[in-house]
Amino acid sequence: MEQEQQEVIEAMFEKALRRDPDKLRPWAVLLDRAEKQLDLVLALVLTNRPDASLVLDFIHVPKYVWKAACSFYAVASKEAESWMSQADLRISRSLREGPKASLPKCESVPVTIS
């Protein structure tokens, strides 16, 4: 039987609290980009260990950014590569400085329909 995501996350925190009842060890929580998971973990972190480090899995983001760049510019073009580099820097900066950093603006690209 599968457990609900909330049950698994709560069990993880309960186990961590049993292993470190005095909260002397540093805590780190690895998360992917699932918003529900992040909301559940943040609620428990704020209640139990506001000093815990959250580690966000960033591994798949460049793939999505590249797809976006290629929708704005020709595939493998210098413009797409430049846009992706700017986007990656802004995303990295937002992870350090806070959420909601904007993606780089896209130059208007003329479209020719044959």
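FYI, it's all coordinate maths here, none of it is from the lab. Because the structure is predicted, anything quoted here is derived from the model rather than measured. Virtual Cβ from ideal backbone geometry, glycine too; neighbours counted across all protein chains shown.
For region 1-64, state which GluC sites (Glu not before Pro) are in a DSSP loop and have at most 13 other beta carbons lying within 10 Å of their beta carbon.
Answer by residue number: Glu2, Glu4.
Please identify the chymotrypsin sites (Phe, Trp or Tyr not before Pro) of region 4-97 that satisfy two criteria: DSSP loop assignment and at most 14 other Cβ atoms within 10 Å. Which are they?
In loop regions of region 4-97 (DSSP not H, G, I, E or B), the sparsely surrounded chymotrypsin sites (Phe, Trp or Tyr not before Pro) are Phe58.
What list of ³J(HN,Hα) couplings, whole Hz, do you get for region 36-46 from phi and the Karplus terms 6.51, -1.76, 1.60, once you set θ to phi - 60° and write x for glycine and proline?
4, 4, 4, 4, 4, 5, 4, 4, 6, 5, 4
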